[in-house]
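To keep things clear, I will list the structure first and then write my remarks on it.
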Amino acid sequence: LLTTMPSYKLSYFPGRGLGEVSRQLFHLSDTPFEDHRVPMDEWPAYKDSTPFGQMPVLFVDGKPLPQSFAIARFLADQFGFAGKTPFEAAWVDALADQYKDYFAEIRPFLFVVFGFGEGDKEKLKKKVAEPAINKFFGILEKRAKDNGSNGHLVGNSLTWIDLQVSDHIGVLELYLPNAISAYPLVNEIRKKTTTDPKLKEWLDKRPVTPF
Amino acid sequence: STMPAYKLTYFNGRLRAEVARQLLYLAGVPFEDVRVRRPDWPALKSKMPFGEMPVLEVDGKPLPQSFAINRYLAKEFGFTGKSPFEAAWVDAIADQFKDYNIETRRLFLVLLGMIQGDKEQLLKDVGIPARDKFFGILEKIAKENGSNGHFVGQSLTWADLLIADHVKTVNILLPGFLDGFPTVLDTVKKIESTPKLKEWIEKSPYSKF
């Protein structure tokens, strides 16, 4: 049964941010897509053409889909990176939403270290970043152990939550060099994920951006 | 094959568990609806996978995080739209709602009397802008979807349940707040008149949130 592949376009800013996991899913599955990067100064003109006034937006045969996790999950489902059973897929979702909660907690620190606003970095590191990291990465470390310390957060194959966590660790380490030193199993997951041959191909050639 | 045993554990409120309860009820699936009293929570906290509720147990295996639970049940019972793309749009609306929740969190905590704060200031600085952005999106989506009583597709999805439950809370805490979004309000009315859902709502204990 031959079916034509849909045409895909992913619109996002030039950085990794909320678009990188989806880009990685395309590369991991060898699926061609238009990696549409909208520079900050072109964004205001583009904004009103997006469903929610935000990016990323995925276009599937020209039909738009907003919200980074909806996009990542949709692509992961299509390409086989969403877990092997409905319950596994639900655990990938649960960890992704826990990441989202964590990110909301650590955002005030990241906002300042990314250079988007003023603030006391040391104070934010102690009062905001460290508690958020300890809580979330503690959960991940236990999860990694419960999952059999096999280099994955869910099941025994790569899923999009492995990609999300690994990408975030890369960002975190730019600003907090030993951020996950207390979480060896999580580090194993990051290592296994980032040395996946297909992913490594992309990681080695992608544009370098601060976040 | 036999149906799995479902148990849902949460506080005695709607907030993050009501959609899951509704999905199970709409599907006609029996489930244990555990409502934890506040004083009993500290002793249970460390038993939950992420230290929080709700938690769904499926044949004793736990699953945390309300949207993961909602989506899992919705997929099992047919409330995620009719295609993967529709299911993704249900997810997108739910996540946009989550963003709006994060923005308005302080306001709602003040309205519920859970923290101190300046209600008028929060309404002006946070509530109204967040409302206009999110409900503006919903109003447009409902219209573009044909004002058919659903936010996505032609049948009930968990995004419909999520929005309808939140609108119920807003109508209790801030009457008239959503008057500028008539298609949304009409969509919610239609959702709530789904026979089995109406049954559930009528027999559920009243809860402010």
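The values are calculated or read from the model by the stated rules, or taken from the named source; none is laboratory data. What you see is a predicted model; the values in this text were computed from it and never measured. Cβ: placed from backbone, ideal geometry, glycine included. Neighbour counts: every protein chain shown. To get the accessible areas, we keep the full protein, side chains included, count just its heavy atoms, and leave off ligands, DNA and RNA. Shrake-Rupley method; radii C 1.70, N 1.55, O 1.52, S 1.80 Å.
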For this session: Scan region B:190-201 for residues that are touching a residue at least 24 places away in the same chain (Cβ under 8 Å) and either open to solvent by less than 60 Å² (accessible area, probe 1.4 Å) or under 28 Å from B:V110 (Cα atoms) (or both) and jot them down.
Result: B:I191, B:E192, B:T194, B:L197, B:W200
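So, in region A:58-71, of the ones that are at the interface with chain B (Cβ under 10 Å from one of its Cβ atoms) and touching a residue at least 24 places away in the same chain (Cβ under 8 Å), which residue ends up farthest from A:K9 (Cα to Cα)?
Step one: filter region A:58-71 for residues at the interface with chain B (Cβ under 10 Å from one of its Cβ atoms), giving A:58, A:60-61, A:63-71.
Those still in the list that are touching a residue at least 24 places away in the same chain (Cβ under 8 Å) too: A:58, A:60-61, A:68-69, A:71.
Details: A:L58: 6, A:V60: 7, A:D61: 8, A:S68: 14, A:F69: 16, A:I71: 11 Å.
For region A:58-71, the residue satisfying everything is A:F69.
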For this session: Report the residue count in region A:104-120 for those that are in contact (Cβ under 8 Å) with a residue 12 or more places away in the chain and either of a type in the set (S, T, N, Q) or within 14 Å of another protein chain (Cβ to nearest Cβ) (or both).
Result: 3
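Of the residues in region A:80-99, how many are more than 7 Å from chain B (Cβ to nearest Cβ), under 19 Å from A:V171 (Cα atoms) and not hydrophobic (A, V, I, L, M, F, W, C)?
Here is the first cut: in region A:80-99, the residues more than 7 Å from chain B (Cβ to nearest Cβ) are A:80-85, A:88-89, A:92, A:95-96, A:99.
Now narrow it down to the ones that are under 19 Å from A:V171 (Cα atoms): A:95-96, A:99.
Next cut, not hydrophobic (A, V, I, L, M, F, W, C) only: A:99.
Result for region A:80-99: 1.
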For this session: Kindly provide the set of residues from region B:134-165 that are in contact with a helix residue (DSSP H, G or I) (Cβ under 7 Å, 6 or more places away or on another chain), more than 19 Å from B:R71 (Cβ to Cβ) and open to solvent by 10 Å² or more (accessible area, probe 1.4 Å), ordered by number.
Result: B:I137, B:E139, B:K143, B:S147
Exercise. What number of residues within region A:31-57 satisfy the criterion of being in contact (Cβ under 8 Å) with a residue 12 or more places away in the chain and more than 8 Å from chain B (Cβ to nearest Cβ)?
Worked result: 17
For this session: Return yes when A:D77 is facing chain B (nearest Cβ under 8 Å) and either of a type in the set (A, V, I, L, M, F, W, C) or buried (at least 18 other Cβ atoms within 10 Å of the Cβ) (or both) and no when it is not.
Result: no
Problem set entry | Candidates B:E86, B:E57, B:E32, B:E76, filtered to the one that is open to solvent by 10 Å² or more (accessible area, probe 1.4 Å), in contact with a Pro (Cβ under 8 Å, 6 or more places away or on another chain), among the charged types (D, E, K, R) and at pLDDT 95 or above | B:E76
